[in-house]
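Readers should treat all values here as calculations from the given coordinates under stated rules, not as data from a laboratory. Predicted, not measured: the structure shown is a model, and the values here were computed from it. Methodologically, a virtual Cβ is constructed for each residue, glycine included, from the backbone with ideal geometry; neighbour enumeration extends over all protein chains shown.
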Amino acid sequence: MNNKEIAERLKSLVQLDIDAVHAYGQAIEHIDVPNVREQVVAFQGDHERHINDLSSVVRNLGEAPPELTKDFKGFLLKAFTSIRSMTGTEGALKALKSGEELTNKKYSEARTWDLPVNILSIVQRNYEDEQRHLHYVNQAITDRVWETEAAKK
Ligand SMILES: [Fe+2]
């Protein structure tokens with residue numbers, strides 16, 4: 001891939017992470033279990049870091065990265081819609097699960113792109129964050145954290 005092609009691919013990942021930040025922002029408003037909320041806020045921070053790291057690579061390649069607008073571009077629209085239709089911690093986690101499945105899929109694909117090794121290592125690190133997010137969300141749903149003692153306080 002030439003620089004232009006690499007930049008285009010990376011821009012699509014940045015947009016995905018921008019959508020994820022918005023999806024997390026929506027979800028956080030619905031999460032009323034303090035320790036779950038804390039985790040999800042930290043995950044949102046990971047997505048912000050992905051945006052910053054990949055955006056600086058895009059700039060180094062001579063392109064302009066997508067801006068952090070208030071609008072969704074549609075990558076995570078399904079997750080976003082389901083957050084709106086469900087309520088509380090349970091609904092928010094289930095919506096995040098579908099969003100995380102998508103980010104995991106995209107980052108997993110990105111690992112197979114023919115990228116320079118220094119860029120590939122950023123993609124790999126981001127993918128590992130995504131795996132961690134999905135694992136946490138799945139576990140929280142399995143544990144029905146919204147029914148735990150912390151949720152009742
Ligand atoms: Fe994530």
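I need the fraction of alpha carbon pairs in region 1-62 separated by more than 17 Å, rounded to a whole percent.
When all Cα pairs of region 1-62 are counted, 46 percent exceed 17 Å.
If only Cα atoms are counted, what is the Rg of region 3-152, and what is its Dmax, in Å?
Cα-based Rg and Dmax for region 3-152 come out at 15.7, 53 Å.
For the pair Gln139 and Lys94, how long in nm is the line joining their label points, each one 7 Å along Cα→Cβ?
2.2 nm
How far is it, in nm, from the label point at Asn3 to the one at Asn52 when both lie 7 Å from their Cα along the line to the Cβ?
Those two pseudo-labels are separated by 2.5 nm.
Can you tell me the orientation of helix 3-30 relative to the chain, as the angle in degrees between its alpha-carbon axis and the longest Cα principal axis, to the nearest 10?
10 degrees
Pairs of alpha-carbon atoms within less than 8 angstrom and 6+ residues apart define the contacts here; what relative contact order does the chain have, in percent?
Computed value for the chain: 30 percent relative contact order.
Read phi for every residue in region 34-43 and hand back ³J(HN,Hα) as whole Hz from Karplus 6.51 cos²θ - 1.76 cosθ + 1.60, θ = phi - 60°, with x for Gly and Pro.
x, 6, 6, 4, 4, 4, 5, 5, 5, 5
Determine, for the chain, the count of lysine pairs separated by eight or more sequence positions (or lying on different chains) whose alpha-carbon distance falls under 14 Å. Present the calculation step by step, with values, prior to reporting the outcome.
Values: Lys11/Lys73; Lys11/Lys106; Lys78/Lys94; Lys78/Lys97; Lys97/Lys105.
So the count works out to 5.
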